[in-house]
Amino acid sequence: MPKTRSHTRKRQEKPKQSSFSLLLKIFMILGLSTFILVCIFWNSGQKVDVSELQIADIPYSEVGSEVKKLPQEYKSVAYLIKKQEKAPWFQQVTKRVEEHRKSDLVLVLKDSQGNSIAHTDVKINLESHDFHHGGIMSIWQFSGVRKSTKPYIDPKIYRSKFLDLFNATGFNNAFKPKLEKSHAEHLPKAIQWAKENKIPLRGHTLIWPGEKHLPKEVLEHKDNKTKLRKACNDMIRRWAKKWDLYEWDVINEPRANHMVQDKLGKSEEAKWFKLAKQAAKNPNVKLYLNEYQIVSGVKDSFKDSYEKNVQDLLDQGTPLHGLGIQSRFKFDISPEQIYKNLNRLNKFNLPIKGTEFEVVDLKRKLSDQQRAEITFQVASTYFSHKLVKGLYVWTIFQSSKTAMLNGKPSWGYSSFMINADGSLNANGLVWKYLFKTLWTTKASVKTNELGIAKIKVFKGRYKVSFTHQGKKVNKTIQLDKNKIIEIKL
């Protein structure tokens, strides 16, 4: 019989899709960054090899958006804040802050078996900036030993309000060798308190080489070079060895205070730095040269003198680790000029600290709002500069209104930030707004299917928290550069 054609056609089988074709489609749909991640983990299931990750290839996670309103506590300085933030100079500050003060944080969450913890909400809260927005304390106010001082401040209020505004500290007089007998006995408790609260403590100063600032056991040898040299060296060696600090102003104000150098030679300064490094109780101590009117001043001769001093020390192989810029603002200087003054120091490529920041009224009369405006400008500009590592407020609490300096009210009378009752004045509110509200990270992100989350945040110490299988997990991490951090349960 002749063959008949079947009316049922055989379906044509689709050619099998190659792995390459599938990957190509994924690439077209998801884009390069996600495509690279898929390739890395194509055959790895839900286990991630952190060593194979590249930060640049990982896409940023979505961060819950929220409309930010200015907290009510800043109501009295709201107009000031809005005005400054709209200024052209502040737009440049914002760009520099993004570049110099933030880093990429990549979190990789794993369970005890090494499996990825996927699709999990993670809270990331900044506990302390890498940048030191510090406050210089009075040992009398900290310890409360002089109750006759007016206004008297309860030490508990003093310490709690300090922690509300600042993340690093030092003492105005307690670490000066000349004042050892009246101050040193109160320091151990203060040092312990700083350690317990994770507050870095800097020392000021190992030698202040002007005649009126040296202890009598040094001054009594001022006419004998050999004995004077030994007395200075013994003082520096003993003082550096006595206190476990992370940082020292080795020399204070050598431009105006140089009695010792005049007698022994300018080269003694380099020897003092080397001696301090050798004797320091903390082997990782950082050593600074502290001087005034460098960024806050208007005289180029002061700037030239400081820069020459720094270069001379470096040329002698001095262990000079940072530049101490007192930052006591007595003159009207624009934010743009402040930034230019800071840039003069870029050639040394050394960390810069504003060690004694105050807005001084001695030659002008400022309202509280005007003083706060200057604080806003100085703090913002310093924070945005790539080499500045900290700015320390010299007078944090209200001082006695009867305090006098050369017959005039001392600058501490007007430049403080915290009133005697613990409330913040305009100066303090602006400081808190910048470091605790504007420049902070408090965010929530969700890990992807590989247990990875990426976010750009301010550098500093963080508390990272999430919940896995009903168990709350809290971790403390430190971020000082772009970093991948694996958290394994």
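The values are calculated or read from the model by the stated rules, or taken from the named source; none is laboratory data. None of these values were measured; they are calculated from a predicted model. When we count neighbours, we look across all protein chains shown, and the Cβ atoms used for this are built from the backbone with ideal geometry, even at glycine.
Quick notes
- Qualifying residues in region 415-433 (those that are among the hydrophobic types (A, V, I, L, M, F, W, C) and not in a strand (DSSP E or B)) - the one surrounded by the fewest Cβ atoms within 10 Å (Cβ to Cβ): Ala420
- So Lys303, is it crowded, with 16+ Cβ neighbours inside 10 Å and touching a His at 6+ places or on another chain (Cβ under 8 Å): no
- Number of the exception - Lys75 against (1) part of a helix (DSSP H, G or I); (2) surrounded by 14 or more Cβ atoms within 10 Å (Cβ to Cβ): (2)
- Yes/no for Glu217 being among the acidic types (Asp, Glu) and within 21 Å of Val285 (Cα to Cα): no
- In region 132-152, the qualifying residues are those that are in contact (Cβ under 8 Å) with a residue 60 or more places away in the chain and in contact with a Phe, Trp or Tyr (Cβ under 6 Å, 6 or more places away or on another chain), and the one that is surrounded by the fewest Cβ atoms within 10 Å (Cβ to Cβ) is Ile136.
- Listed by first and then second residue, the pairs linking a residue in region 85-96 that is closer than 18 Å to Thr375 by Cβ to a residue that is surrounded by fewer than 16 Cβ atoms within 10 Å (Cβ to Cβ), with Cβ atoms under 8 Å apart and 6 or more places separating them unless they lie on different chains, are Trp89/Ser334; Trp89/Glu336.
Each row is one residue, and each column tells you yes or no for (1) assigned by TED's automatic domain parsing to the domain that holds Gly460; (2) in contact with a Lys or Arg (Cβ under 8 Å, 6 or more places away or on another chain); (3) under 30 Å from Ile487 (Cα atoms); (4) buried (at least 17 other Cβ atoms within 10 Å of the Cβ).
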{"position": "Ala87", "(1), (2), (3), (4)": "yes, no, no, no"}
{"position": "Gln92", "(1), (2), (3), (4)": "yes, no, no, no"}
{"position": "Val97", "(1), (2), (3), (4)": "yes, no, yes, yes"}
{"position": "Val106", "(1), (2), (3), (4)": "yes, yes, yes, yes"}
{"position": "Thr120", "(1), (2), (3), (4)": "yes, yes, yes, yes"}
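- Test result for Leu206, within 31 Å of the chain's Cα centre (by Cα), over 18 Å from Ile396 (Cβ atoms) and among the hydrophobic types (A, V, I, L, M, F, W, C): yes
- The criterion of at least 2 residues that are within 21 Å of Gly354 (Cβ to Cβ) is met by the following helices (runs of 4 or more DSSP H) wholly inside region 111-185: 155-165.
- Residue in region 399-412 that is modelled with pLDDT under 95, surrounded by fewer than 21 Cβ atoms within 10 Å (Cβ to Cβ) and of a type in the set (Val, Ile, Thr) present: yes
- Number of positions in region 349-373 that are surrounded by fewer than 20 Cβ atoms within 10 Å (Cβ to Cβ), touching a strand residue (DSSP E or B) at 6+ places or on another chain (Cβ under 7 Å) and modelled with pLDDT of 95 or more: 2
- Close contacts from region 260-278, counting a first residue that is outside the structural domain of Asn224 (by TED's automatic domain parsing) and a second that is crowded, with 19+ Cβ neighbours inside 10 Å and in a helix (DSSP H, G or I), with Cβ to Cβ under 7 Å and a gap of 6+ residues or different chains, come to none at all.
- Test: Asn172 is under 22 Å from Pro215 (Cα atoms), touching a strand residue (DSSP E or B) at 6+ places or on another chain (Cβ under 6 Å) and not aromatic (Phe, Trp, Tyr): yes
- Within region 244-278, the set of residues being part of a helix (DSSP H, G or I), more than 28 Å from the chain's Cα centre (by Cα) and surrounded by fewer than 23 Cβ atoms within 10 Å (Cβ to Cβ) comprises Met259, Gln261, Asp262, Lys263, Leu264, Glu268, Lys271.
- If only residues of region 166-177 that are touching a helix residue (DSSP H, G or I) at 6+ places or on another chain (Cβ under 7 Å) and buried (at least 20 other Cβ atoms within 10 Å of the Cβ) are counted, the one that is farthest from Ala240 (Cα to Cα) is Thr169.
- Selection of region 182-213 for residues being of a type in the set (Lys, Arg) and under 24 Å from Ile251 (Cβ atoms) yields Arg202, Lys212.
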